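Data first, discussion second: the structure below is written as structure tokens.
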Amino acid sequence: MSALLTFPYKLARFPLGLVDSTVADRLPVTSAPRLVLDKVLGSADRFAGSVLGDDALAARGSQRLRRTEQVEQSVSLSQQAADARRESRETAEAGQEEAQRQREAAQERATTGLEEADRAEVQGKQQARTEAETEAATKKEVAAKRAAGRKAAAERRRQAEAAKADAAANATQAEAAAVIQDADEAQASADEARSDADRLDQLVGAKKRERTQD
């Protein structure tokens with residue numbers, strides 16, 4: 001009974017089925033005509049199967065619709081991915097262009113910076129030479145002053161030591177003179193004592209001679 005009821009539908013569906021089996025199979029599953037045909041046939045089969053009580057026909061229609069939805073989702077995702085890749089490529093190209101501009105600007109700044117650095121280096125060297133010359137002159141002057149101070153201090157020490165030596169020599173000479181004077185005085189006293197002793201001896205001898213003669 002079900003076969004009798006579905007026969008008119010199958011007969012009406014035959015042209016679309018023929019297109020599906022001959023033309024649509026040659027098209028990519030993601031092509032728009034194939035998707036439209038799959039939707040039409042899937043919807044028709046599911047509706048007819050439900051109305052006519054042909055579960056197999058309704059199941060084939062539902063399965064075809066699900067497959068079509070999956071393909072559409074895949075196509076949509078592929079399109080989104082393609083759009084994303086295009087946007088990413090455009091962004092990358094824009095980024096590369098911007099990076100190129102930045103590199104050129106950086107190179108220009110670097111060139112300018114190198115020129116400024118060269119000028120700064122020359123100025124720095126000149127300033128360093130000037131400062132070094134000034135510092136050397138200052139050090140030389142300080143060294144000369146220190147040397148003069150050391151020389152003057154050495155001369156003062158020499159003079160002080162000479163004066164000290166002269167004072168010591170003078171004291172030694174004075175002491176020696178005093179000793180010599182004391183010795184001379186002692187010698188004079190001794191000579192005088194010998195003279196007195198000689199006179200006493202002569203006087204004693206004379207007295208002895210006088211007593212002898214008496």
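The values are calculated or read from the model by the stated rules, or taken from the named source; none is laboratory data. Note that the structure is predicted; figures quoted are calculated from it, not measured. We place every Cβ from the backbone using ideal geometry, glycine too, and count neighbours over all the protein chains shown.
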Would you call D45 touching a helix residue (DSSP H, G or I) at 6+ places or on another chain (Cβ under 6 Å), of a type in the set (D, E), at pLDDT 80 or above and surrounded by 18 or more Cβ atoms within 10 Å (Cβ to Cβ)?
yes
Being under 23 Å from R13 (Cβ atoms), surrounded by fewer than 14 Cβ atoms within 10 Å (Cβ to Cβ) and out of contact with any Leu (no Cβ under 6 Å at 6 or more places or on another chain) narrows it down to one of A59, A84, so name that one.
A59
